Ligand code: NAD
């Protein structure tokens, strides 16, 4: 089977490499010449565990290749996936569909023989109809069907998520297209991964409903964490106590600095806008987005409090910048708001992140970068942990204490044990565990 993947970012590159690994012949396309040049040279444009090996292996077996030539590639493909970005549109928060529509116009120009056009990008309800209209208008003669197949992979665990998905959602309204999609995912079918075949609009909405639900779960436990701090309860025990109930489930119940990343913030906003446009507002998601927005700067106030009310003239060491571990993705990372609030408060900020510093340079200013956690702490007045990279979980605390001007740690991911931190004589703050000041 020949597959074309339009867009070779976090989703397109991982999906393309995994589909090649299933045995398909995949061409990953991108309009960014530097990205394609770098892939051709065997260099990954993003950090994702296991990706370099997977790509290298499939390139060697000639199942995976890269090009900027979309129109020339689409003609040979049985299925063309659209995996371009759908960021928030500046000004109103709607999903910006300009990349999807441009891809649709380019695909139309290259179509040759029956082809399934698959929208993998996260797109609002009705986008598949518009993609179909664009292609039909440009190529009234073309034989094609437009399918919705949203992606649910998580950065940092993307390959495993793609190969062992909880489910595959397919919005297909055409029998021939259903056959093609079944063939594309045959290896997963054999592994008994659940397939949800549905209408295109239902499939489009399912992706937003999933992300909004997860964002709600995170925000719920974050507000419970705030209450725990007031009443002297422990949010981790509450999370365990409720999460063991199968109806609730234990995932996404980790209190922290608020959700971020390239999906939840923009997807909740886009769902809110769609719902308002259809005069069916989803107030719970509106509230989740507002609460989460305020939370990030509130985390900076935790740092102010730990330093006696002000950070003016202080140096703060920050460990972790990306929105989660095992990625270099800085899009909408909580670290951006927290660090900006610290700088607004008059602090100098030292930072270290294992993979995110190149991306951080593009979105944050006036930081001092270090290349290991200890030099980042040297002569700083407090340590703040924003992202729970494994290498921050077992720091040499005596060494950290000897480097800081005062033994102050603000652990926004609850990766240290409060009792141990007390024994080690740290002034330790965390999120939602007990009623310490
Ligand atoms: P990304 O920005 O990493 O990648 C998008 C790529 O598309 C870029 O390399 C860009 O150059 C390329 N592109 C844009 N227009 C193009 C065109 N006309 N022709 C060829 N290439 C073009 O984005 P991403 O994180 O991979 O997200 C892609 C989509 O998948 C989004 O809709 C996102 O919401 C969704 N999604 C993302 C994740 C995730 O974890 N990143 C998970 C699930 C779904």
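Counting only DSSP beta bridges with both residues in the stretch 1-149, tell me the antiparallel percent, nearest 5. Working shown, then result.
On the way: 1 of 23 bridges.
Antiparallel: roughly 5 percent of the beta bridges in the stretch 1-149.
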- Of the stretch 204-243, those with amide N under 18 Å from the point 7 Å along the Cα→Cβ vector of residue 283 are 216, 220
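Extension gain residue 423-residue 33, at 0.36 nm per residue separation less the Cα-Cα distance, in nm? Write out the running numbers ahead of the final one.
Numbers: separation 390, 0.36 × 390 = 140.40 nm, distance 5.46 nm.
Going from the current span to full extension adds 134.9 nm.
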- Note on the structure: One checks the Cα atoms of the chain and finds Rg and Dmax, in Å, of 23.4, 75
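Tally the DSSP beta bridges in the chain and give the antiparallel ones as a percent, rounded to 5.
Values: 3 of 47 bridges.
In the chain, approximately 5 percent of DSSP beta bridges are antiparallel ones.
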- Item | Rel. contact order, % - alpha carbon contacts under 8 angstrom, at least six apart, the stretch 77-131 | 49
- Mean separation of Cα contacts under 8 Å, 6 or more apart, over the residue count of the stretch 250-391: relative contact order %: 27
- Hey, what angle do you get for helix 200-231 against the long axis of the chain, alpha-carbon based, 0 to 90 degrees rounded to 10? 10
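Where does each of 134, 410 land when they are ranked from fewest to most other beta-carbon atoms within 10 angstrom? Present the calculation step by step, with values, prior to reporting the outcome.
Values: 134 19, 410 25.
Ordered from fewest to most neighbouring Cβ atoms within 10 Å, 134, 410 come out as 134, 410.
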- Query: Does anyone have the angle between helix 51-60 and the longest principal axis of the chain? Alpha-carbon axes, 0 to 90°, nearest 10?
  - Reply: 30
- Would you kindly state how much longer the chain becomes between residue 166 and residue 53 on full extension, computed as 0.36 nm times their sequence separation minus their alpha carbon distance, in nm to one decimal? 38.3 nm
- Just from its helices, what would the mean residue ellipticity at 222 nm be for the chain, if runs of 4 or more DSSP H residues each count -39500 (n - 2.57) and the sum is divided by every residue, rounded to the nearest 500 deg cm²/dmol? -13500 deg cm²/dmol
- Task: For the stretch 351-408 and the stretch 94-143, write down the distance between their C-alpha centroids in whole Å.
- Result: 45
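Is the shape of the stretch 168-305 rounded, prolate or oblate, going by the alpha carbon gyration tensor and its root eigenvalues a ≥ b ≥ c, with a/c under 1.5 for rounded and a/b larger than b/c for prolate? Write down the numbers at each step before the final one.
Values: a/c = 2.88, a/b = 1.79, b/c = 1.61.
Judged from the Cα gyration tensor, the stretch 168-305 comes out prolate (a/c at least 1.5, a/b above b/c).
Calculate, in nm to one decimal, what residue 393 and residue 44 gain on full extension: separation in residues at 0.36 nm each, minus their alpha carbon distance. Mind showing how you got there, number by number?
Details: separation 349, 0.36 × 349 = 125.64 nm, distance 2.71 nm.
Gain on stretching residue 393 to residue 44: 122.9 nm.
Starting from the Cα gyration tensor of the stretch 2-198, take the square roots of the eigenvalues, sort them a ≥ b ≥ c, and report rounded, prolate or oblate (rounded when a/c is under 1.5, otherwise prolate if a/b is larger than b/c, else oblate). Please report the intermediate quantities before stating the final value.
Values: a/c = 1.30, a/b = 1.18, b/c = 1.09.
Rounded shape, in that the Cα axes give a/c under 1.5.
Efficiency by 1/(1 + (r/R0)^6): what FRET value for residue 242 and residue 109, r their Cβ-Cβ distance, R0 = 51 Å, to the nearest 0.05?
Numbers: r = 53 Å, r/R0 = 1.04.
Calculated transfer efficiency: 0.45.
When only C-alpha pairs under 8 Å and at least 6 residues apart count, what is the relative contact order of the chain, in percent?
On the way: 864 pairs, mean separation 54.3, N = 437.
Worked out over the chain, it gives 12 percent.
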- Rounded to the nearest 10 degrees, what's the angle between the helix 10-21 long axis and the longest principal axis of the chain, both from Cα atoms, 0 to 90? 60
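If we count other beta carbons within 10 Å of each Cβ, what is the order of 376, 263, fewest first? Display every interim value, and only then the final one.
Values: 376 22, 263 25.
Listed from fewest to most nearby Cβ atoms, that is 376, 263.
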- Query: Among 81, 304, which comes first, then next, by fewest other beta-carbon atoms within 10 Å?
  - Reply: 304, 81
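The numbers here are math on the coordinates, done by the rules we state, and not lab data. The model shown is predicted, which means the values in this text are computed figures rather than measured ones. Note that each Cβ is placed from the backbone with ideal geometry, even for glycine, and that neighbours are counted across all protein chains shown.
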